[in-house]
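The values are calculated or read from the model by the stated rules, or taken from the named source; none is laboratory data. All of these numbers come straight from a predicted model, not from anything done at the bench. Methodologically, a virtual Cβ is constructed for each residue, glycine included, from the backbone with ideal geometry; neighbour enumeration extends over all protein chains shown.
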Amino acid sequence: MTPGPAWAKLGPAMHALPPEEQVVDIEVVEDLTPTARCDEGFLRLRRLVCRNRHADGSHSKPYRVDVIDRPIPDAVAVLIWRRTPSGVEVLTRRTLRPAAYFRRGLPLPLPDPESYLTVEELVAGILEAEDRGEAGVRARAVAETREEAGYAVRPEEVEILGPAFFMLPGIVSEKIHPTAVDVTGKVPGVADGDGSPMEEGASLRWRPIHALLEACRRGEVADAKTELSVVRFLTAHPGDRGP
């Protein structure tokens, strides 16, 4: 889905690319797969041979397990919201997602009409080495809210939306820590991002919270952490559901 005019109009200020620099494709310059080691790069792939140990001391037959890790395995998701006369609105971010985009070259079991050059989701970010404990989660939520959405918030304004959850526990060790922050009445600055090509053309959009939930359930917003965070927010804030 190509971002429409609403993306440019509804979000806080961002550095917009001129039309001739808008991203229309991601090209593979070099495929390092044949020569890359499993223990190098941003993601680490562990290829293990395991066996199950039973209560009586016996074991299952050996089997292979692949596990994907990062140096710091966890991430934070931030449901940025505001109160309006018509109810609660949630800020989403659309940005490049190469892994989703390259699905088009895979033997998909069901036809998928979307290209997924960009994906709409909540503001999120990977925890850094200094982000320890709940205070670290709050600090990372503050940093990502400023970097990706332009809003300055304090750690004490960050709400933890329950326990962290796995996305792909069969192969990925990452857990996502869901949080929320109310920016009602705050004036955003420029959302600079991290300056990487992965963030070229990123755009922001406000959605009524129930419209966002319905978009998730229709598959228009195909991001699980967004849907789960919205559901948790609505459970924790029954008085903020709006009409």
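Taking first residues from segment 193-219 that are among the polar types (S, T, N, Q) and partners that are assigned to a helix (DSSP H, G or I), the Cβ contacts under 7 Å between residues at least 6 apart in sequence or on separate chains come to 203/7; 203/8.
Before we move on, is residue 146 surrounded by 13 or more Cβ atoms within 10 Å (Cβ to Cβ) and either more than 20 Å from residue 224 (Cβ to Cβ) or in the same structural domain as residue 42 (by TED's automatic domain parsing) (or both)? Against the criterion (surrounded by 13 or more Cβ atoms within 10 Å (Cβ to Cβ) and either more than 20 Å from residue 224 (Cβ to Cβ) or in the same structural domain as residue 42 (by TED's automatic domain parsing) (or both)), residue 146 qualifies.
Selection of segment 52-94 for residues being in a strand (DSSP E or B) and on the phi > 0 side of the Ramachandran plot yields only 87.
The number of residues in segment 195-214 that are assigned to a helix (DSSP H, G or I) and either surrounded by 19 or more Cβ atoms within 10 Å (Cβ to Cβ) or on the phi > 0 side of the Ramachandran plot (or both) comes to 3.
Checked against the criteria, residue 109 does not count as without any contact (Cβ under 8 Å) to a residue 12 or more places away in the chain, over 30 Å from residue 157 (Cα atoms), part of a helix (DSSP H, G or I) and not polar (S, T, N, Q). Within segment 145-170, being over 21 Å from residue 69 (Cα atoms), touching a strand residue (DSSP E or B) at 6+ places or on another chain (Cβ under 9 Å) and not in a loop (DSSP other than H, G, I, E, B) holds for 145, 146, 147, 148, 149, 157, 158, 159, 160.
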